1. Could you check how many residues of the range 487-516 are in contact with a strand residue (DSSP E or B) (Cβ under 8 Å, 6 or more places away or on another chain) and within 19 Å of Thr427 (Cα to Cα)?
2. With the condition being open to solvent by less than 30 Å² (accessible area, probe 1.4 Å) and over 20 Å from Ser352 (Cβ atoms), I'd like the strands (runs of 3 or more DSSP E) fully within the range 118-193 carrying at least 2 qualifying residues.
3. How many residues are of a type in the set (Val, Ile, Thr) and under 16 Å from Val120 (Cβ atoms) if we restrict to the range 206-223?
4. Just to verify a result, which residue in the range 62-75, among those that are out of contact with any Leu (no Cβ under 9 Å at 6 or more places or on another chain) and in contact (Cβ under 8 Å) with a residue 40 or more places away in the chain, is farthest from Leu105 (Cα to Cα)?
5. For the range 143-166, what are the residues that are within 30 Å of Arg351 (Cβ to Cβ) and of a type in the set (Gly, Ala, Ser)?
6. Given the conditions (1) touching a Ser or Thr at 6+ places or on another chain (Cβ under 6 Å); (2) open to solvent by less than 70 Å² (accessible area, probe 1.4 Å); (3) not in a helix (DSSP H, G or I), report the number of the one that Leu489 does not fulfil.
7. Just the residues that are assigned to a loop (DSSP other than H, G, I, E, B) and open to solvent by 20 Å² or more (accessible area, probe 1.4 Å), please, taken from the range 63-95.
Amino acid sequence: MRPSVFATPALWLLSTCCVLHAAPPDVKWVFPTGAQIGQKVTAKVSGKINQPGTQVWCDNPSVVIEIPEKDNDLSISTSADARPGLFWLRFFNAEGATAQMPFVLGRLPEVVEVEPNNDVAKAQAIEQSTVINAKLGAAGDVDVYAVTVKKGQTLVAQVDANWRLGFPVDPILQVLTANGTVIEQVDDDHGFDPMIAFAAPADGTWLVRVFGFPAAPNSTIRFAGAADYIYRLTLTTGPVANHAQPAAVQRGTEASAKLVGWNLPETLSQPFKVDAAALPGLAHAELPHEVSLNLVDEPVLIADEPCNADKPLAVTVPATVCGVIDEPGDEDSFGFSAKKGEVLVITSESRSLGHPLDTVVTVFDKDGKSLGESDDAVRNEADSRFVFSVKADGDYTVRIRDLFEKGGWRFAYRLSIRPRQPSVKLTLKADVFVATPGTPLEIPVTIARNDGFNEEVTISVKDLPEGATVEPAKSEAKGDTSKAVKLILKTDDAKPFNGPLRIVGHYGEGSFVSAEFDLATFKRSTEDIWLTILPKKEDAKPKDEAAEKAAK
C-alpha cells in the first residue's frame, strides 16, 4: 500500500506523471464513513478506485489514507491531536477526480455493524459510549443494538445519515425494553436524522432499533434499504452538548461560553473561556462532537428572561442575540432604535444549526403594529430573514417565536440585526474541471448582486499551475456581464496536473469573494474547486505504443 497525498487546499499543488488511466475514479462514498481520532481503520469504497496512480485529497491534513495497488480496501489513520468534525475527501488520478464526500472524526470508540442484527433476539451488544457505522443494506432491513444502562443514567442515541452526511435515507430511531416493547420513537430531529435522550428508569439492557424510508418519498410502503443507506449511530451515557450559550463570539474580544446538553460535568455546564482563534466550531476534549460557535463582527448578547413583549431586551444595532424559546408558546422580544431611510437585515438561525426551532421573526412599531414578518428565508428551510426598510425615526421591536408554538430547552437560536450591506456571490456549475491541452476550457461563473451591490468585479483564478493561463474577466455593474461571465482556461504549455484551486472576485478597495459550488446534497457549498490537466497527446503516445508492444 502507498500513502495518499494530502494537505490544505490553499497551499497544495500536485503535478501528475504522464501515465494514462482507463478512467477517473468512480467513488461515491467510503465505509465506514468516520473514525476515532488517533486510530487506524480499514474502509471500503463504492465503485472503483481505478488504480494505479489514484490518490486522495482531504481538507484535513491530519488524515492519512493509504490506497492498495489492487482491490478497494483503504487504510485511514489520523494523528492523536486531530480536531474532531466533518471533513471532505476527493479521489483523483490523471484522468479526473470525484466529487467531495464526507468523513467524520470523533473522540468515541467506533465499531462496524455485525449482521444479522435484525430482531430483538439477535441484537448486537454495544459498549456504552460507542459510534456504530452501519447500513440498512436491503429492503426490509432493521438493525437492533443492545446496551446496558443503569437507573438514572441518560443514554443519548443519535443518528447521522441524511442531514449531515447526505445519504438518501430517512431513518427512524426507537428505544425498546429487552423484550421488544417500544418506549420511545423519534422520526426527525436534525433534519431527517433522529435523536433520543433516554433516562433509564431501571438498571438493565435496553435496545436501540434503527430502520428507514427513502429520503425522497416514493410509492413503497415497507422499510427501505440500499447499499448507500449508510448511517452513524452514537450511543453514549457521556457528555453531549446540544448548544453553546452564547452561540457566537465577537471577533477580537475575550469571551466565555457554557454548554447545554446531557451528562455534562460541572466544568462544561459552567462558563469557561473560549479560544476565539480556534473558532468557528467549539471542539472540547470531553465532547464527542463539535458544537456550533461562530465568530461575528458585532457585540453579542444573551436573551435572558424576561425578554418578552412587555419587557423587551434593549439592543443597539448591530447586534447578535443568542437565546432559547424555552417553553411552548414562548416568544422573545428585542427593542432597538432606527432612523428613517435605514435598511436593516434581521436573520435567525436554528434549524440550520441542528436545533428544532422553526423560527418566525416579526417587527413591530412602538404602538405594537406589525410591520412585517419572515417565516422561511428559503422555501422548505426553517430559518428566517427579514429586510426592514425604516420609514420613520423611532423605537421598534423584533420578536422571535416558533411557527408551531413549540418550545423547550433545546430550541436554541442565534438572531442578528445588522445594517444591510451590499454583497456579491459567485456561483459555479461544477467543482471538478478537466482540461485538455490544445482545447480552451470554459468555466462559467454566475454573479448574484445582492442588496444593491453595483460595483465592478474582476474575476480571476488563484493557484494555477505553471503553464496554465486564464485572462481575468470583468463583471460590469450593468449589462450581460453583471450576471454571468466565462473564464477561458488555456493549458497548451502546462504539464499534467491535479490539484485544488480557487476562483476569486475582487472589487472595491481590497475586498474579494471566492466562487462557490453548491453541494445541495450536503446543504453546503464549497470554495475548493478541482482541476485536472490531461497529458498532451504526444506525451501519451509513446506509452500507448509500449503498452501495445507488451500486449503483443
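1. Summing the residues that are in contact with a strand residue (DSSP E or B) (Cβ under 8 Å, 6 or more places away or on another chain) and within 19 Å of Thr427 (Cα to Cα) in the range 487-516 gives 16.
2. 130-135, 143-149, 154-160, 169-176
3. 2
4. That would be Glu69.
5. Passing the criteria: Ala157, Ala161, Gly166.
6. So the condition that Leu489 fails would be (1).
7. Glu69, Lys70, Asp71, Asn72, Asp73, Ser79, Ala80, Asp81, Arg83, Glu95
Conditions tested, residue by residue: (1) in contact with a helix residue (DSSP H, G or I) (Cβ under 8 Å, 6 or more places away or on another chain); (2) assigned to a loop (DSSP other than H, G, I, E, B); (3) surrounded by 17 or more Cβ atoms within 10 Å (Cβ to Cβ).
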{"position": "Ile221", "(1), (2), (3)": "no, yes, no"}
{"position": "Gly225", "(1), (2), (3)": "no, yes, yes"}
{"position": "Leu233", "(1), (2), (3)": "no, no, yes"}
{"position": "Ala241", "(1), (2), (3)": "yes, no, yes"}
{"position": "Val249", "(1), (2), (3)": "yes, no, yes"}
{"position": "Thr253", "(1), (2), (3)": "yes, yes, no"}
{"position": "Ala257", "(1), (2), (3)": "no, no, yes"}
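The values are calculated or read from the model by the stated rules, or taken from the named source; none is laboratory data. Computed from a predicted structure; not experimentally measured. Don't worry about glycine lacking a Cβ; one is built from the backbone with ideal geometry, like all the others, and counts go over all protein chains shown. Just the protein is used for accessible areas: all its heavy atoms, side chains included, with ligands, DNA and RNA removed. Shrake-Rupley method; radii C 1.70, N 1.55, O 1.52, S 1.80 Å.
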